[in-house]
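Worksheet: one structure, shown below.
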Amino acid sequence: MKSPLLSLPGAVPAEGVDEGVAAHYGDLFREQRALADGTGFVDLSHRGVVTVTGDDRLSWLHLLLTQHVSDLPTGQATEALILSANGHIEHALYLVDDGTTVWAHVEPGSQEALIAYLESMKFFYRVEVADRTADTALVHLPAGSIARPPASAVVRETPYGRDLFLPREELEAFAAEAGPAAGILAYEALRVEQHRPRLGFETDHRTIPHELGWIGTAVHLQKGCYRGQETVARVQNLGKPPRRLVFLHLDGSEVHLPPNGAEIRLADDGPDGRKVGFVTTSARHHELGPVALALVKRNVPVDARLMAEETAAAQETVVEP
């Protein structure tokens, strides 16, 4: 979905998975500061939107998701995962129920595969699943924002701000009143600062929830069976995940940020040392400078000096070893 807000002054289109919205509007740090101060908004209208309606929607989703949602109160935000049979993360859903409909936003382009899976699991449950991406745009208001959502919007309120499921035809009118607009790069920089994982960035084909700190926030440990639960329970009760998420402070003298997938080595081992992890997301933060999230092997010492390709990095623990 290509956003009409790409016509705003200064808009520079994002690339890759975030194609369709603005990377920034001409001043990355100003946009970050505005979001941090609780002003402005972020156009996330490229993200997929899926709804589930019907009398059995919550009890049915409860059987499929890692989160406890059978008694989800109306208006309460939550997040959940869908795992493979081996416990690897396949989908991440950001949910709210408005009393008649469960609304979820997901990674751009992932809604078709998610809906195909959900449709295959309907059986005799009274539920209907729909792709609402074409008529619904997601907009993010930062924490502290005093902007008033339109009456037509479904609001998902979190500690990081409010996600608005907004009729797509109202997006331009909303932007005219809610500005200034901030691009996806500003939003991502704050996400990195907040240590929040993102599907497809902090995950690969073998990621399990424990590695990213998603236990508790997206995985409920006291609920019934769901696909992949055996792996979650076994790691929780008997072992440790093979990798852990870390936050990196990068050497600010480097011109280029290490890209997603950049290899991480122990600084003391030199450039030919063995790989101990990889960068998942890097960003330039308005206060912290260049920073990143990364996955490293669990046994990497928490005080070890690291190298992300040619860039020196100091780590902060996100997931305990």
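The values are calculated or read from the model by the stated rules, or taken from the named source; none is laboratory data. Not measured: the values here are computed from a predicted model. Note: ideal-geometry Cβ built from the backbone for every residue, glycine included; neighbour counts use all protein chains shown. For accessibility, only protein heavy atoms count, side chains too; no ligands or nucleic acids. Shrake-Rupley method; radii C 1.70, N 1.55, O 1.52, S 1.80 Å.
Can you pull the percent of Cα pairs in segment 177-321 with separation above 21 Å? Mind showing how you got there, number by number?
Details: 4765 of 10440 pairs.
Considering segment 177-321, 46 percent of its Cα-Cα pairs are separated by more than 21 Å.
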Handout entry: Net charge of Cβ neighbours under 11 Å - reference residue 129; Lys, Arg +1; Asp, Glu -1
Key = 0
Exercise for the section: Would you work out the relative contact order for segment 108-230, in percent, from Cα pairs under 8 angstrom that are 6 or more residues apart? Expected result: 15
Completion exercise
Spelling it out for residue 158: with amide H atoms placed in the peptide plane at 1.01 Å from N, the residues 5 or more places away or on another chain with amide H under 5 Å from its amide H are 163
Handout entry: Highest-first arrangement of 20-27, 219-226, 201-208, where packing means the average Cβ count within 10 Å
Key = 20-27, 201-208, 219-226
Problem - Alpha carbon Rg of segment 51-190, scaled by the compact-globule rule 2.2 N^0.38 Å - result: 1.09
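Only Cα pairs under 8 Å and at least 6 apart count here; give the relative contact order of segment 1-91 as a rounded whole percent.
Values: 93 pairs, mean separation 14.6, N = 91.
Result for segment 1-91 is 16 percent.
With the other protein chains left in place, how much accessible area per residue, in square angstrom, belongs to segment 184-272 at a 1.4 angstrom probe? Walk me through the numbers before you get to the answer.
Details: 4270 Å² over 89 residues.
Value for segment 184-272: 48 Å² per residue.
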Fill in the blank from the handout: Heavy-atom accessible area with a 1.4 angstrom probe orders 62, 88, most exposed first, as 88, 62
Exercise for the section: Under 13 Å Cα to Cα from residue 240, which aspartates and glutamates show up? Leave out anything in the same chain fewer than 8 places away. Expected result: 211, 320
Handout entry: Semi-axis lengths, Å, the chain, gyration tensor of Cα atoms, sqrt of 5 times eigenvalues
Key = 32, 28, 15
Completion exercise
Counting only protein heavy atoms with a 1.4 Å probe and every protein chain in place, the carbon and sulfur fraction of the accessible surface of segment 80-163 in whole percent equals 55
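With r defined as the distance between the Cβ atoms of residue 151 and residue 302 and R0 fixed at 35 Å, what FRET efficiency is calculated, to the nearest 0.05? Write out the running numbers ahead of the final one.
On the way: r = 49 Å, r/R0 = 1.40.
The value I calculate is 0.10.
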Handout entry: Centroid-to-centroid separation of segment 207-233 and segment 1-45 [C-alpha atoms, Å]
Key = 33
Completion exercise
Restricting to Cα pairs under 8 Å and 6 or more apart, the percent relative contact order of segment 89-158 works out to 26
Fill in the blank from the handout: Cα-based Rg and Dmax for segment 13-69, in Å, come out at 17.5, 47
